[in-house]
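The values are calculated or read from the model by the stated rules, or taken from the named source; none is laboratory data. Not measured: the values here are computed from a predicted model. Just the protein is used for accessible areas: all its heavy atoms, side chains included, with ligands, DNA and RNA removed. Shrake-Rupley method; radii C 1.70, N 1.55, O 1.52, S 1.80 Å.
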Amino acid sequence: MLGLVFAFVLLLFFVFLFVREVRLDRARFKEQDRLGDEHIMRVIEKFLKEKGKSLEI
């Protein structure tokens, strides 16, 4: 019986770790996506400045 309780606690622990890792991975993905968008916006602003226009959002 004690082994079953220990196995159940271990299962809950590993499920918790999995969910935590998925959340951290999603946060990392969102940050990379934001940085990528920021880089694209800088390139567009540079291009428009070269052409003599301004970017208005």
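Structure values in brief
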{"quantity": "Residue in region 38-48 that is open to solvent by less than 80 Å² (accessible area, probe 1.4 Å) and modelled with pLDDT of 95 or more present", "calculated": "no"}
{"quantity": "Residue check, residue 12 open to solvent by less than 90 Å² (accessible area, probe 1.4 Å) and under 26 Å from the mean Cα position of the chain (by Cα)", "calculated": "no"}
{"quantity": "Subset of region 15-34 (residues that are open to solvent by 80 Å² or more (accessible area, probe 1.4 Å) and among the hydrophobic types (A, V, I, L, M, F, W, C))", "calculated": "16, 18, 29"}
